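Remarks on the structure that follows.
No value in this document is a laboratory result; all are computed from the given coordinates. What you see is a predicted model, and the numbers here were worked out from it, not measured in a lab. Heads up, the Cβs are rebuilt from the backbone with ideal geometry, glycines too, and the neighbour counts pull from every protein chain shown.
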Amino acid sequence: MGDIFNLLLDAGFAGFVIIGLGLFALVVIVERVKYLFKETSLDSESFLKQIRTLIREDKIEDGVNFCSANEASPVAYVTRAILEKSDRDSRAIEEAQEVAVSDIIPNLTKGLGYLTMVANVATLVGLLGTIQGLIMSFKAVGHAEPGQKQALLADGISMAMNTTALGLSVAIPVMIVYAFLHSRQGKIFEQITRVSGRVIEELKARDFAPFGEETVFSNDIGSDSKLVEKMPEKPKKKKTPAA
């Protein structure tokens with residue numbers, strides 16, 4: 001603990017700024033991990049299988065209730081919006097999908113941009129501290145008394161190295177965690193696209209009636225035959241005897 005405190009003292013103001021950025025990044029990481037890996041966790045395969053079964057059994061209301069029970073998941077949220085428009089045409093269903101996806105995008109992407117910002121700023125602040133340390137070293141060489149040059153030169157070099165090390169110590173882990181969170185975010189988007197697409201296909205297939213000769217012509221032929229039976233026969237013309 002004392003070594004860390006001494007490191008901060010040697011790093012100066014830039015070191016405290018870097019530590020503040022690191023704490024801010026830690027808060028964002030904890031919130032994002034909780035949301036992306038816990039709150040939105042859902043077995044998409046089992047969920048899709050259950051929804052398709054309910055659609056085939058024409059239990060749309062049960063499907064909506066099932067999605068509401070898992071509404072924290074973006075996949076369930078988008079599926080619910082689609083099912084609520086299942087009595088409309090294809091265009092309305094697709095529009096419901098687009099609106100639902102646009103609603104959940106802010107929740108999925110929230111905070112990730114701050115992590116890249118923290119990593120970049122921490123590196124730059126570390127570089128700034130390095131420059132300040134070098135400036136102190138050069139001043140010590142040029143203006144300090146001979147007895148103080150060595151101490152001031154050591155302090156400047158220590159500040160330069162410590163701020164660089166501190167900045168990289170914050171930036172590197174933050175970037176690694178950002179990569180994992182971004183990958184998880186992309187996986188959720190893939191699940192949304194795949195599941196919602198399958199649900200829309202299932203809704204369209206539910207209203208699809210296959211065509212064949214029997215389904216197309218059976219009613220028409222039956223109705224025409226009845227008409228033929230009801231039509232009266234034309235009276236035959238009597239033959240006139242030849243003169």
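Taking the number of other C-beta atoms within 10 Å as the exposure measure, put SER90, SER196 in order starting with the fewest. Walk me through the intermediate numbers first.
Values: SER90 12, SER196 24.
Ranking SER90, SER196 by Cβ neighbours within 10 Å, fewest first, gives SER90, SER196.
Using a basic spin-label model with each label point 7 Å from the Cα along Cα→Cβ, how many nm lie between GLN150 and PHE16?
3.1 nm
Apply the a/c threshold of 1.5 to the C-alpha gyration tensor of region 65-132 and tell me whether it is rounded, prolate or oblate.
Judged from the Cα gyration tensor, region 65-132 comes out prolate (a/c at least 1.5, a/b above b/c).
Among LEU203, LEU127, LEU166, which comes first, then next, by fewest other beta-carbon atoms within 10 Å?
Going from sparsest to densest Cβ surroundings: LEU127, LEU203, LEU166.
Using just the alpha carbons, could you tell me how many Å³ per residue the convex hull of region 2-206 encloses?
109 Å³
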